[in-house]
Structures are given as C-alpha cells and as structure tokens.
Protein chains: 2
Amino acid sequence: MALTIHGDLRSGNCLKVKWTAEKLKLPYRWVEVDVVGGATRRPEFISVHPAGQVPVVVFEDGRALAQSNAIIFYLAEGSKLIPTNAFERARMLEWMFWEQYSHEPYIAVARFQMAYLGRARETLEPKLFERGEAALRRLEQALKGSDYLVENRLTLADIALVAYTRVAHEGGFDLDPHRGIRAWIGRVETDLAIAV
Amino acid sequence: MALTIHGDLRSGNCLKVKWTAEKLKLPYRWVEVDVVGGATRRPEFISVHPAGQVPVVVFEDGRALAQSNAIIFYLAEGSKLIPTNAFERARMLEWMFWEQYSHEPYIAVARFQMAYLGRARETLEPKLFERGEAALRRLEQALKGSDYLVENRLTLADIALVAYTRVAHEGGFDLDPHRGIRAWIGRVETDLAIAV
C-alpha cells in the first residue's frame, strides 16, 4: 500500500504510526503538520480528514484514517504485532484504550503544556500530575516480572504506551522510581530502532 | 462463556457492555458497582482488576478485562457487529478511539458533574461544552446521509457512541439542532431494544 502519514514528529501519537510502519517495513511518505501553528484546524487539513487531528494516514486510493491506535491496528493486521489469540488481542486493545483515556490526557498534556507552550510546572493543574503518576504506577506494576505488556513480547500495546512514557520527563514526571518502566522503555526503543 | 459484568447501570460505558451481550444473546451475571460511592477504589474491587474502573468483565476461568470498548470488541469478535473488511474494521475502531478521547471526556463528564454530583451547568468549565458541542457537530456531519457510522449498518461504533450521546441532554447539551443524531439514536435504540 502506498501510504502517506500526516503528522508532527514531536507528537507521540504520530510517532506510533511512524514506528509501526518502519517495524513492518511499509514504505511511506511523511507530511509534517505544524500542530502548534494551527495547521490541523485549517480547511485544507480538514479536507484530508474531518477530525482535524493528527496523525492521519491517506492511502493511494484516497481513503483516510485518523486516531493513532486505530491506524496502527490497521497497519499491523496479520502481523506479529497483534496477538492471534482473541483474549490477548483484547488485552492489547484494553491497554490501548487505557492509554488514550487514562495516560495520554495527563502525561502527554503536561508535556505539551511545558515543552511546546513553555509553561512552568507550577502553573499546571495538580490533577494532571496526580493522574499521570497514577498511570505510571499502574504501568510499573504491570511491568514487574514481565518484559512487555501483553504475551511477554512486543505488541501494539507497547508501541502505544511507550510513545509518551519515554518523554514523560519533558512533562515534569520523574521516571527514576520506576525501574520496570525504564527497562521496558529501553527494550522497546531497541525493538523499534528508536534513536535515543 | 460464563460472563460476569461488573458495572454501574447509570454509566454509558457499562451499558455498552450490557447491550452488546444482550444483542449477541450472551448470558451474563450483572454485579452492580456504586462508582459515586467509591466502590471502584476499594481493595476488593482492585483485586478484580487493577485498573480500578468499571466496566470490568470476568470470565468463568477468572480472566478479567477492562475498558468498555476493548470488552465489546472481544465479546463481538466474529459477529456481525464488527465489519469483516479490514479497513471498515479500522474505521470502526477510529470512531471508538475518538469516542474515548474526543467525546466521552466532555459529554459524559458534563453529565456526571450535573446528573450524578448535582452541579449547575454554569459552574462547569466552558471547555467541556465547547469540545462536547464540537464532538456533536462532527457526529451530526457523519450521520448526514448515512443511517449508521460504518458500513451503513449497526456496528460497535454505534454502540460506543450512542451510550453517552443519547443522554447528552442530562449534561446540558441540546440535541434539538442535530436531526441526524436524533434519528440515529432512535434507530440504534430500536436495534438494541433499549427501553426509552
């Protein structure tokens, strides 16, 4: 499939798609979108996909798909990145929905405020840090005694969750107490050949 | 499969699981969990599933699964509620991830604040309403000229999105201007035999 990825290289959600395409050796064209500059709200971007969010992928026939975790699920269908066992596949999706609901809105949002918009940690809502820390504690617990989140091997759950966890410090989170998370980040970065 | 659903009958996320089980004629036992009373934060609930959130399903062999949209994906695997075409399946997941990221955090949260906690609309963050209205506008646009969100027939995308859209008025949203949404709600309620 000839694939165009519209994304922002600083966005973990967009990097998930890049890493998955590269891991699966899918050739792609990258179109950089300046999110902070408001590019996703302009009519020319809305015409690509009505959601007005990145990442968006567009295929040769013009069909477009948004939502990072839906995109990587589609790209990886039939590959080793998705468990063949239905229950394990559901556990992978459980982590991916949890990522978007209970992890990204705190850890990615704190990072966006601090690293993109230059706000100081003290000016952000304490709730961001309380809930982000709770997400990190749950992740640490899951990674105690397991190298990966599902089936003890690399799946889309790891790709989805490593994206913002590996840059959590840019949003004021401290990963030092979380040994399991730090070892897992190193492992997944190696698996995905992410330059660190 | 012998299925136990732990949930709160006022929660749209929990009702998605109930409706899907009923549509698929899967027998289940319902265990009511008092979310507002703090039941999901108690150790006995955390021992069922470490996420500390409802819904959670537990199977006969003790395996547990959380996240409403992951649960309904698992229950519906191989059924007509999931498109067999991979791209249409991905579009269904796109709507389901969008629901959890761009719809539920505004529409369900405003309803929770008003209907569960008794807060007045004026005391809530205006952002909840701006973003919730934007989500409703996008849904209305998608339903113009289409009876359902994906493949023009009932899929999990409709179940996921109808859950909180049908009670949006309890959170201070006005569905009157959204004719397409109102017709779709009626259609999906009929399909799922939801008493109205």
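FYI, it's all coordinate maths here, none of it is from the lab. All values derive from a computational prediction rather than experimental measurement. As a convention, Cβ positions derive from the backbone with ideal geometry for all residues, glycine included, and neighbour counts pool all protein chains shown.
Given an 8 Å cut-off on Cα distances and at least 6 residues of separation, report the relative contact order of region B:24-132 as a percent.
Values: 70 pairs, mean separation 15.8, N = 109.
Relative contact order here is 15 percent.
Tell me, B:S68, A:S47 in order of fewest to most beta-carbon neighbours within 10 Å? Working shown, then result.
Working: B:S68 31, A:S47 9.
Fewest-to-most Cβ neighbours within 10 Å comes out as A:S47, B:S68.
Would you calculate the volume per residue, in Å³, of the smallest convex hull containing every Cα atom of region B:89-157? Can you show the working numbers first?
On the way: hull volume 6.2 nm³, N = 69.
Output value, Cα hull per residue: 90 Å³.
When only Cα pairs under 8 Å and 6 or more residues apart are kept, what is the percent relative contact order across region A:76-184?
Numbers: 113 pairs, mean separation 39.9, N = 109.
Worked out over region A:76-184, it gives 37 percent.
Between the label point of B:G37 and that of the same position in each other copy, find the distances and list them shortest first in nm, with every label point placed 7 Å from Cα along the Cα-to-C-beta direction.
Relative to the other copies, B:G37 has label-point distances of 5.6 nm.
For each of B:V162, B:V167, count neighbouring Cβ atoms within 10 Å of the residue's Cβ, then give the residues from fewest to most.
Details: B:V162 27, B:V167 18.
Going from sparsest to densest Cβ surroundings: B:V167, B:V162.
What nm distance separates the two modelled labels at B:E77 and B:E122, each placed 7 Å from Cα along Cα→Cβ?
5.2
When each pair of different Cα atoms in chain A is counted once in the 1/r mean, what is the Kirkwood radius in angstroms, to one decimal?
On the way: mean 1/r = 0.0579 Å⁻¹.
After inverting the pairwise mean of 1/r, the radius is 17.3 Å.
From Cα pairs below 8 angstrom and at least 6 apart in sequence, can you work out the relative contact order of chain B, rounded to a whole percent? Write out the running numbers ahead of the final one.
On the way: 265 pairs, mean separation 41.4, N = 196.
Averaging sequence separation for qualifying contacts and normalising by length gives 21 percent for chain B.
Quick one: Cα convex hull volume of the protein assembly as shown, Å³ per residue?
Numbers: hull volume 57.9 nm³, N = 392.
Cα convex hull per residue, to the nearest whole number: 148 Å³.
Taking the DSSP beta bridges in the protein assembly as shown as the whole, what percent of them are antiparallel, to the nearest 5?
Numbers: 14 of 24 bridges.
Counting only bridges with both partners in the protein assembly as shown, antiparallel ones make up about 60 percent.
Please name whichever of A:S11, A:G52, A:G38 sits farthest to the positive end of the charge dipole of region A:3-76, dipole taken about the Cα centre and charges placed at Cβ: Lys and Arg +1, Asp and Glu -1.
Of A:S11, A:G52, A:G38, it is A:S11.
Quick one: Kirkwood hydrodynamic radius for region B:3-76, alpha-carbon pairs, angstrom, one decimal? Before the final figure, lay out the partial values.
Numbers: mean 1/r = 0.0828 Å⁻¹.
Result for region B:3-76 stands at 12.1 Å.
List the pairs from A:K18/A:K144; B:K16/B:K144; A:K16/A:K80; A:K23/A:K144; A:K80/A:K144 whose alpha-carbon separation is above 18 Å, in the order I gave them. Mind dumping the intermediate values first?
Working: A:K18/A:K144 28 Å; B:K16/B:K144 24 Å; A:K16/A:K80 16 Å; A:K23/A:K144 26 Å; A:K80/A:K144 23 Å.
In this structure, A:K18/A:K144; B:K16/B:K144; A:K23/A:K144; A:K80/A:K144 exceed 18 Å between Cα atoms.
How long are the three semi-axes of the equivalent ellipsoid for region A:100-196, computed from the Cα gyration tensor as the root of 5 times each eigenvalue, in whole Å, largest first?
Working: eigenvalues 111, 39, 24 Å².
Each semi-axis is the square root of five times an eigenvalue, giving 24, 14, 11 Å.
For B:S146 and B:R29, calculate 0.36 nm times their separation in residues minus their Cα-Cα distance, and state this gained length in nm to one decimal.
38.6 nm
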